[in-house]
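Heads up: the structure comes next, in structure tokens.
The values are calculated or read from the model by the stated rules, or taken from the named source; none is laboratory data. Remember, predicted model here, so these are calculated numbers, not experimental data. Cβ atoms come from the backbone with ideal geometry, glycine included; neighbour counts cover every protein chain shown.
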Amino acid sequence: MHEVSDATFADEVLASDVPVLVEFGAPWCRPCKAVAPVLTELVGATAGRVRLVELDIDENIGTPSRYGVLSIPTVILFVGGEPQETIVGAHGRGRYERALAPYLER
């Protein structure tokens, strides 16, 4: 999974021409570690129509604050530079698929 920071967030997420799933987490977060392979597998199955990045909330405090991230893992789907859906907590693949589905049908 590709890592972004407060400094690279605008270029890599907000300016992306494809939907981006951003996983807000931390290295010590066990649920984050459980979600990462689920998201990686899901994005791999989309054949490049979705990007996946992670942002370490311990190292980058501005972006999580800007988007109201209060607990981890939090996954926010950005489309066209705007947050479209926020998923808090660890979930199975189906939850993330449902969030992405409307944007993959276009």
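For Ala7, indicate whether it is assigned to a loop (DSSP other than H, G, I, E, B) and over 22 Å from Arg93 (Cα atoms). In short, yes.
So which of Pro73, Pro37, Pro31 is over 15 Å from Ala10 (Cα atoms) and crowded, with 21+ Cβ neighbours inside 10 Å? Show your work before the answer.
On the way: Pro37 fails: crowded, with 21+ Cβ neighbours inside 10 Å; Pro31 fails: crowded, with 21+ Cβ neighbours inside 10 Å.
Going through Pro73, Pro37, Pro31 in turn, the sole match is Pro73.
Out of curiosity, is Thr63 of a type in the set (Ser, Thr, Tyr), surrounded by 13 or more Cβ atoms within 10 Å (Cβ to Cβ) and not in a helix (DSSP H, G or I)? The answer is no for Thr63. The residues on offer are Gly81, Gly62, Gly89, and the sole one that is at pLDDT 95 or above and touching a Pro at 6+ places or on another chain (Cβ under 9 Å) is Gly89. Taking first residues from segment 35-58 that are without any contact (Cβ under 8 Å) to a residue 24 or more places away in the chain and partners that are outside any helix (DSSP H, G or I), the Cβ contacts under 6 Å between residues at least 6 apart in sequence or on separate chains come to Val43/Val50; Val43/Leu52. A Cβ distance below 6 Å, combined with a sequence gap of six or more or placement on separate chains, defines the contacts here; from segment 78-95, residues that are surrounded by 14 or more Cβ atoms within 10 Å (Cβ to Cβ) reach residues that are part of a strand (DSSP E or B) and not β-branched (Val, Ile, Thr) in the pairs Gln84/Leu77; Glu85/Leu77. Of all residues in segment 37-59, at least one satisfies being over 13 Å from the mean Cα position of the chain (by Cα) and assigned to a helix (DSSP H, G or I).
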